[in-house]
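The values are calculated or read from the model by the stated rules, or taken from the named source; none is laboratory data. Since the model is a prediction, treat every value here as computed from it, not as a measurement. Neighbour counts are summed over all protein chains in view; Cβ atoms, including those assigned to glycine, are modelled from backbone coordinates with ideal geometry.
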Amino acid sequence: MKDSAKRALAALIMTIGLTTQAVAVEPGQVVDNFRLLDQQGKSHELYYLSDMKAVVLMVQGNGCPIVRQALPALAEVRAKYRAQGVEFLLLNSNLQDTRELVAKEASEFKIDFPILLDDSQLIGEALGVVRTSEVFVIDPKGWQLKYRGPMDDRLSYERQRPAKHHYLTDALDAVLAGKPVQTPQADGVGCLVNFPERDRKMSHNQISYSKEIAPLLKDRCVVCHQVGGVGPWAMTNYDMVKGFAPMIREVLRTQRMPPWHADPHYGTFENARGLTSDQRKLLVHWIEAGAPRGSGDDPLLAVKPEIKEWKHGKPDLIVEIPAYDIPATGVIEYQYPRVKNPLGRDVWITAVEIHPGAKQAIHHIIANDPVVAGSTGERSGGNLAGFAPGMEPIVYPQDTGVLFPKDADFVFQMHYTPNGKAVTDHSKVGFYFREASNPPKYPLHLTALTDFKFEIPPGAKEHTTTVTRPIQRDMLIYNIMPHSHLRGRAGTMTAVYPDGREEILLNVPKYDFNWQTVYEYRQPKTIPAGSKLVWRFSWDNSTQNPANPDPSKPVRWGDQTFEEMGIGFVRFRYLDETTDTRSQKTAALDD
């Protein structure tokens with residue numbers, strides 16, 4: 001049976017009792033959006049390419065001789081059509097091909113295309129991929145599939161021959177000319193791709209909502225999606241989940257939810273809130289099967305909202321930030337209210353929770369130590385904590401703290417962003433501390449890697465800067481936090497060790513301004529003296545960035561949201577330092 005007939009039969013079978021979203025995409029149908037990482041850890045989202053005239057996606061698989069023979073010809077097609085606005089990508093849905101193996105294949109065979117890793121196989125399943133070397137031509141004007149099949153008829157399993165039919169270039173010429181594709185589908189050769197879950201698709205309607213889906217949602221999603229939570233809707237029962245099922249599928253395919261942006265290939269984080277590949281598959285397959293209720297109780301009905309005023313209990317000290325009248329419109333310079341330390345004694349701060357008052361009109365709040373407020377280099381606790389959308393209360397690592405002297409003022413940096421309604425802000429901050437007579441074992445430090453002199457050109461899709469910080473003392477890194485504004489695109493923190501080895505400590509391939517996440521290591525990272533920390537950050541100042549305030553202007557460093565930052569915050573301690581043996585240099589920063 002020909003591949004096209006197989007696809008048609010599979011599509012017919014899958015319509016029985018299943019949603020249309022589960023049917024393989026055929027020419028003339030819409031290709032749903034998706035986002036995947038490539039072999040270098042870079043993010044690619046299909047609908048980001050809306051400014052292209054066409055998108056070509058070829059199915060790649062390691063070790064497949066047909067693909068290896070086809071790729072040089074694809075490179076020739078790219079050389080001809082890229083200048084005409086055609087984007088070329090490869091898709092790998094093979095179960096056996098890891099990122100390391102794909103990167104090795106790309107290096108060995110000099111493949112310079114981005115190879116998108118479909119580790120969950122959800123994208124290959126939805127496209128109806130059967131064999132490697134198949135190409136898909138997608139028209140960004142409506143995202144219709146215009147052609148699927150081989151590049152041409154040059155290759156077979158036994159031999160190569162001059163091509164009589166140039167399916168890919170004919171399809172591209174037609175799409176670029178705004179004309180119908182004369183041959184929208186053709187059969188070709190290639191290595192079969194194993195999709196075990198697609199073969200079991202008829203059993204997906206047996207996935208248990210009660211025993212599998214609801215417990216997963218309860219564990220990974222309900223913390224935000226509950227009554228009074230930060231999620232826009234509450235997962236209170238099956239009916240709510242089913243009603244939002246198409247949207248859940250969309251945000252899972254584009255990886256907008258859950259809001260966790262660290263590349264899972266690097267580092268293990270204590271506060272990871274993402275889903276595994278298997279968990280994404282389970283949810284999407286259940287939704288594509290029609291989100292069946294099945295038998296059993298509804299665990300979501302038993303969930304009781306757990307919204308506490310203070311997440312970690314009542315603070316040892318609550319500081320009220322002076323009220324501020326926020327106008328309905330305009331640009332407000334940063335405000336720096338000061339509050340005298342009411343304790344009258346030294347304390348070691350161990351946790352901070354910030355409660356914004358006028359939440360909708362606050363971009364961020366930072367609690368600074370006044371002695372070092374505004375410092376940009378190494379400092380001991382200069383930034384005690386912060387609030388921004390998506391940030392959790394700051395709890396310092398066990399046995400660490402930041403000294404707050406009795407004669408110091410609390411200084412807060414307030415960034416207000418008027419939202420059309422005049423309001424008065426009444427924010428407050430809760431501090432948890434240990435007495436000076438019972439200090440933590442280790443002083444905690446914070447450093448910020450950033451470039452203050454960048455200039456992002458107008459329209460630049462990926463403008464990148466690199467900052468290097470030499471490490472002079474053995475240190476233990478507890479967490480890393482990227483911070484940027486609306487044009488932030490991606491950031492990577494790399495350790496270069498004295499012997500020349502490099503280790504990526506954190507890769508955030510798709511930075512999201514709406515979620516200011518602190519990435520907490522499950523096991524802190526030891527960085528020896530003589531190493532370097534390298535922070536690489538990029539911005540998107542193009543029209544393709546929907547959050548971009550103005551892509552027509554160059555952008556430089558600035559405090560306001562329409563300006564930019566690109567900071568890599570690192571919180572750490574020195575391995576040779578305790579609260580009893582703080583160096584004169586470190587103490588000088590505190591005193």
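Filter the stretch 269-320 down to residues that are at pLDDT below 95, more than 30 Å from PHE34 (Cα to Cα) and small (Gly, Ala, Ser), then give me how many there are.
The qualifying residues number 2.
Do we find a residue being under 29 Å from PRO443 (Cα atoms) and in a strand (DSSP E or B) anywhere in the stretch 303-316?
No; the residues of the stretch 303-316 include none that is under 29 Å from PRO443 (Cα atoms) and in a strand (DSSP E or B).
Taking only the stretch 447-472 into account, find how many residues are surrounded by fewer than 16 Cβ atoms within 10 Å (Cβ to Cβ) and more than 23 Å from the chain's Cα centre (by Cα).
Residues that pass the stated criteria total 8.
Need pairs with beta-carbon distance below 7 Å; first residue closer than 15 Å to GLN523 by Cα and within the stretch 397-410, second surrounded by fewer than 16 Cβ atoms within 10 Å (Cβ to Cβ); sequence gap 6+ or separate chains.
ASP399/LYS441
Can you confirm whether TYR324 is in the same structural domain as TYR416 (by TED's automatic domain parsing), among the hydroxyl-bearing types (Ser, Thr, Tyr) and surrounded by fewer than 18 Cβ atoms within 10 Å (Cβ to Cβ)? Even if it seems obvious, please write down each step before you answer.
Details: in the same structural domain as TYR416 (by TED's automatic domain parsing): yes; among the hydroxyl-bearing types (Ser, Thr, Tyr): yes; surrounded by fewer than 18 Cβ atoms within 10 Å (Cβ to Cβ): no.
No; evaluated as a whole, the condition is false for this residue.
Would you kindly identify the strands (runs of 3 or more DSSP E) lying entirely within the stretch 447-538 that contain at least 2 residues that are among the hydrophobic types (A, V, I, L, M, F, W, C) and assigned by TED's automatic domain parsing to the domain that holds GLN560?
Working: elements: 463-470, 475-484, 488-496, 502-508, 519-527.
In the stretch 447-538, 475-484, 488-496, 502-508 are the strands (runs of 3 or more DSSP E) which contain 2 or more residues that are among the hydrophobic types (A, V, I, L, M, F, W, C) and assigned by TED's automatic domain parsing to the domain that holds GLN560.
Would you check if there is a residue in the stretch 495-507 being crowded, with 17+ Cβ neighbours inside 10 Å and of a type in the set (D, E, K, R)? Steps first, answer last, please.
Taking the stretch 495-507 and keeping what is crowded, with 17+ Cβ neighbours inside 10 Å, we get 495-496, 505-507.
Checking the rest, the ones that are also of a type in the set (D, E, K, R) come to none.
No; the residues of the stretch 495-507 include none that is crowded, with 17+ Cβ neighbours inside 10 Å and of a type in the set (D, E, K, R).
List pairs: first in the stretch 518-538 and over 24 Å from PHE452 (Cβ atoms), second among the basic types (Lys, Arg), Cβ under 8 Å, 6+ apart or cross-chain?
ALA529/ARG473
Out of everything in the stretch 80-102 that is loosely packed, with under 14 Cβ neighbours inside 10 Å and closer than 16 Å to VAL135 by Cβ, what residue ends up being nearest to the chain's Cα centre (by Cα)?
Within the stretch 80-102, the match that is nearest to the chain's Cα centre (by Cα) is ARG82.
What's the total number of residues in the stretch 231-265 that are farther than 21 Å from THR276 by Cα, without any contact (Cβ under 8 Å) to a residue 40 or more places away in the chain and either surrounded by 19 or more Cβ atoms within 10 Å (Cβ to Cβ) or touching a Cys at 6+ places or on another chain (Cβ under 7 Å) (or both)?
Within the stretch 231-265, residues that are farther than 21 Å from THR276 by Cα, without any contact (Cβ under 8 Å) to a residue 40 or more places away in the chain and either surrounded by 19 or more Cβ atoms within 10 Å (Cβ to Cβ) or touching a Cys at 6+ places or on another chain (Cβ under 7 Å) (or both) number 0.
Scan the stretch 423-446 residue by residue and report those that are part of a loop (DSSP other than H, G, I, E, B), surrounded by fewer than 21 Cβ atoms within 10 Å (Cβ to Cβ) and touching a strand residue (DSSP E or B) at 6+ places or on another chain (Cβ under 6 Å).
So the first thing to find is which residues in the stretch 423-446 are part of a loop (DSSP other than H, G, I, E, B), and the list is 426-427, 436-441, 444.
Imposing the further condition that a residue be surrounded by fewer than 21 Cβ atoms within 10 Å (Cβ to Cβ) reduces the set to 426, 436-439, 441.
Correct list: PRO439 only.
Of the residues that sit in the stretch 321-340 and are over 34 Å from the mean Cα position of the chain (by Cα) and closer than 24 Å to LEU403 by Cα, which one is modelled with the lowest pLDDT?
Among those residues, the one meeting the criterion is LYS340.
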